[in-house]
1. With a cut-off of 8 Å between alpha carbons and a minimum separation of six or more residues, what is the relative contact order of the chain in percent?
2. Working from Cα positions, state the angle (0 to 90°, nearest 10) between the long axis of helix 2-27 and the longest principal axis of the chain.
3. Report, in whole Å, the centroid distance computed from the Cα atoms of region 4-30 and region 129-147.
4. Could you work out the helix-only [θ] at 222 nm for the chain, with each DSSP H run of four or more residues adding -39,500 (n - 2.57) and the total divided by the number of residues, to the nearest 500 deg cm²/dmol?
5. With angles folded into 0 to 90 degrees, how steeply does helix 85-99 sit against the dominant principal axis of the chain? Use alpha carbons for both and round to 10.
6. Using a Förster distance of 22 Å, how high is the FRET efficiency between Leu157 and Leu198, based on the Cβ-Cβ distance and rounded to 0.05?
7. For the pairs Lys7/Lys55; Lys55/Lys106; Lys9/Lys106, note any where the Cα-Cα span goes beyond 19 Å.
8. With each label point set 7 Å from Cα along the Cα-Cβ vector, what nm distance links Met40 and Glu68?
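Each reported figure results from applying straightforward, stated rules to the coordinates on display, with no laboratory input. Quick caveat, the model's predicted, so the values are computed rather than measured. Positions of Cβ are generated from backbone atoms using ideal geometry, with glycine treated the same way; all protein chains shown enter the neighbour counts.
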Amino acid sequence: MTGLRAKQKADRERRILKAAVTQFRAEGYRSVRIEDLAEMAEVSVGTVYNYYQTKGDILIATVAMEVEEVLASGAAIVADPPRGVEAALLALIFQYYDHSLEYLSKEMWRNAMALSIEAPGTPNGRRYTELDSRLAAQVTDMIVALQARGEVRRDILAGPLGQLVFNNLNQMFIEFVKDDAMSLQALRDAVAAQTRPLARLISTEGSR
């Protein structure tokens, strides 16, 4: 019976998040009411509040769903990176970018970012920051993997370098979601141009 209840609970939560993705994309985050999500998910309003205290909680939950999938895909790339520092870093970064609009629109990302900035000490703010920290840690893991393979100089501290690479890719993503006219390809091209000289600087090939 416990297993059945857990399965039913997971199914209700899945339906709520699916409704959120659909409604937020179609109507805009600020226009959608909890009642609208409950109706589409075929649950009561009270059930929605049993899972999430605010609409912001639901939005951050969609971000978490996105990032969890991105991290899982990124782990496979880190485990077996493409040859070459530039190719390896861009494979990881582009995987983040290419999945970024799977569940969220640019408007949804802007609102999620605003929630994390306006109230960094709230559960939503802390959860968003924690997700960013996990992405930065995965970039660091990539640096460590490339050092172990002899492609990145061992005199470079992987942690600060990973944070630097993440900070840049994250800032460029912010610029991307701020500009509705900016294409994903334009984002990729800009970050590739920025990553190329850095890759040469940290590469063992570049230091010879």
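1. 20
2. So the inclination is approximately 80 degrees.
3. 29
4. Dividing the helical sum by the residues of the chain leaves -26000 deg cm²/dmol.
5. So the helix axis and the longest Cα principal axis differ by about 10 degrees.
6. About 0.90, to the nearest 0.05.
7. Going by Cα-Cα distance, Lys7/Lys55; Lys9/Lys106 fall outside the 19 Å limit.
8. Distance between the two pseudo-spin positions: 2.0 nm.
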